[in-house]
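So the structure is just underneath, and the comments pick up after that.
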Ligand SMILES: *Cc1c(COP(=O)(O)O)cnc(C)c1O
């Protein structure tokens, strides 16, 4: 039952085949009209994304990292301020805090959802005060495709006067109680990096907000802090626009996005049904709908992760570790504050998580094969384990 061809971890080629003509045509339209910056597709995409997320204002930009950075710049977050971040995330979440001169404070996550724990958030705010810092914001991350506990986060943030900047880089399209991400907190950001659920063919990102004043500040920051005229600079900004070609590509991909998320749902359901008795499968909170950026399992304590991954590799099954090292243990971030009680969940997760191949074009036969190899591997190891 060995497959000889390497199974892709994320399949971008299959989608390319499906959309070939429509994307080729949309790119050609941009090449023909020649408005590579601020072309009509950019404005059109912002309108479509607004409809999709039910958010009043959408500001597209050059990456998910710029999106986060621009909001912190617009809110004037800087030296003396603290921003609370989960430790179990991709580095960009905390990187932008350091870039504006503020201090990231790392807190822990929930073991079942991988997302920021509101109790830990509260402790992080207390730590900021102890350190003489002003806690200005929290950046919850909707990790692996699932919304964070936005009700719990909002309650703590509101009581303490923090604004919420939701990092939905991996979770565009996910929902919580029937409400899509994009309207929780002051602003939500996402990334269109090719491997994200809605990816373009390069870098891209967007910011969603219902705050008109913030949206207009963001539009200024996006182009060098532009004022009324092109060469009127009223604040410090960036050059952080989304290319017209990327917007044109995203417009085509958005048309099939719901369908792709549906396909990811059924892949996830099948994994969960077939693997729940041998590994810890991801937990989707009731009321949440994940877009399954990753399907991340937790291995049983007695199973060696390196051997597991190498074992699967010999069957041409690729796996990845997100994330092998929590932020507070990364070289560049070790010096920033974290809870004194430690961040045991983030540390434990980083040792046990493994992400399986996940994409909308994972066919049943290939998935059955992956499931069978994993089941055999875990059960066999179980037989060999000391009683
Ligand atoms: C990918 C990612 C980002 C950054 O997005 P880019 O578009 O690559 O800059 C930020 N936060 C999280 C959680 C991510 O996964």
Review point. Does segment 31-52 hold any residues that are surrounded by 18 or more Cβ atoms within 10 Å (Cβ to Cβ) and either over 29 Å from residue 174 (Cβ atoms) or more than 26 Å from the chain's Cα centre (by Cα) (or both), and which are they?
Key: 39
Exercise for review: Spot the failing condition for residue 113; the list is (1) within 16 Å of the ligand (Cβ to nearest atom); (2) within 22 Å of residue 65 (Cβ to Cβ), and only one is missed.
Suggested key: (2)
Check your understanding: Yes or no: residue 227 in the same structural domain as residue 38 (by TED's automatic domain parsing), more than 30 Å from residue 288 (Cα to Cα) and either surrounded by fewer than 23 Cβ atoms within 10 Å (Cβ to Cβ) or more than 12 Å from the ligand (Cβ to nearest atom) (or both)?
Key -> yes
Check your understanding: Quick check: is even one residue across segment 341-354 farther than 25 Å from residue 125 by Cα, under 19 Å from the mean Cα position of the chain (by Cα) and surrounded by 20 or more Cβ atoms within 10 Å (Cβ to Cβ)?
Key -> yes
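Yes or no, residue by residue, for (1) within 19 Å of residue 18 (Cα to Cα); (2) surrounded by 21 or more Cβ atoms within 10 Å (Cβ to Cβ):
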position	(1), (2)
174	no, yes
185	no, yes
214	no, no
223	no, no
240	no, yes
246	yes, yes
257	yes, no
274	no, no
Check your understanding: Condition test on residue 280, is it more than 16 Å from the ligand (Cβ to nearest atom), surrounded by fewer than 18 Cβ atoms within 10 Å (Cβ to Cβ), within 24 Å of residue 319 (Cβ to Cβ) and within 21 Å of the chain's Cα centre (by Cα)?
Key -> no
Review point. Any residue in segment 119-130 that is farther than 19 Å from residue 171 by Cβ, within 16 Å of the ligand (Cβ to nearest atom) and buried (at least 24 other Cβ atoms within 10 Å of the Cβ)?
Key: no
**Study point:** Filter result for residue 210 (assigned by TED's automatic domain parsing to the domain that holds residue 155, more than 14 Å from the ligand (Cβ to nearest atom) and touching a residue at least 12 places away in the same chain (Cβ under 8 Å))
**Key:** yes
Exercise for review: Within segment 231-240, work out how many residues are closer than 13 Å to residue 37 by Cβ and in contact with a helix residue (DSSP H, G or I) (Cβ under 6 Å, 6 or more places away or on another chain).
Suggested key: 1
Study note, to complete from the structure: Within segment 136-154, the residues that are surrounded by fewer than 24 Cβ atoms within 10 Å (Cβ to Cβ) and under 15 Å from residue 282 (Cα atoms) are 144
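Each row is one residue, and each column tells you yes or no for (1) touching a helix residue (DSSP H, G or I) at 6+ places or on another chain (Cβ under 8 Å); (2) farther than 19 Å from residue 203 by Cα; (3) at pLDDT below 95.
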{"position": "143", "(1), (2), (3)": "no, yes, no"}
{"position": "146", "(1), (2), (3)": "no, yes, no"}
{"position": "149", "(1), (2), (3)": "yes, yes, no"}
{"position": "153", "(1), (2), (3)": "yes, yes, no"}
{"position": "160", "(1), (2), (3)": "yes, yes, no"}
{"position": "163", "(1), (2), (3)": "yes, yes, no"}
{"position": "168", "(1), (2), (3)": "no, no, no"}
{"position": "171", "(1), (2), (3)": "yes, no, no"}
{"position": "181", "(1), (2), (3)": "yes, yes, no"}
**Study point:** Where a residue in segment 365-376 is over 16 Å from residue 308 (Cβ atoms) and its partner, wherever it lies, is in a helix (DSSP H, G or I) and at pLDDT 95 or above, with Cβ under 9 Å and at least six apart
**Key:** 367/267; 367/270; 367/271; 367/274; 368/270; 368/274
**Study point:** segment 55-72, residues that are farther than 18 Å from residue 142 by Cα and either free of Cβ contacts under 8 Å to residues at least 12 places away in the same chain or away from the ligand (no atom under 16 Å from the Cβ) (or both)
**Key:** 56, 57
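The values are calculated or read from the model by the stated rules, or taken from the named source; none is laboratory data. Here the structure is a predicted model, which means the values were calculated and not measured. Positions of Cβ are generated from backbone atoms using ideal geometry, with glycine treated the same way; all protein chains shown enter the neighbour counts.
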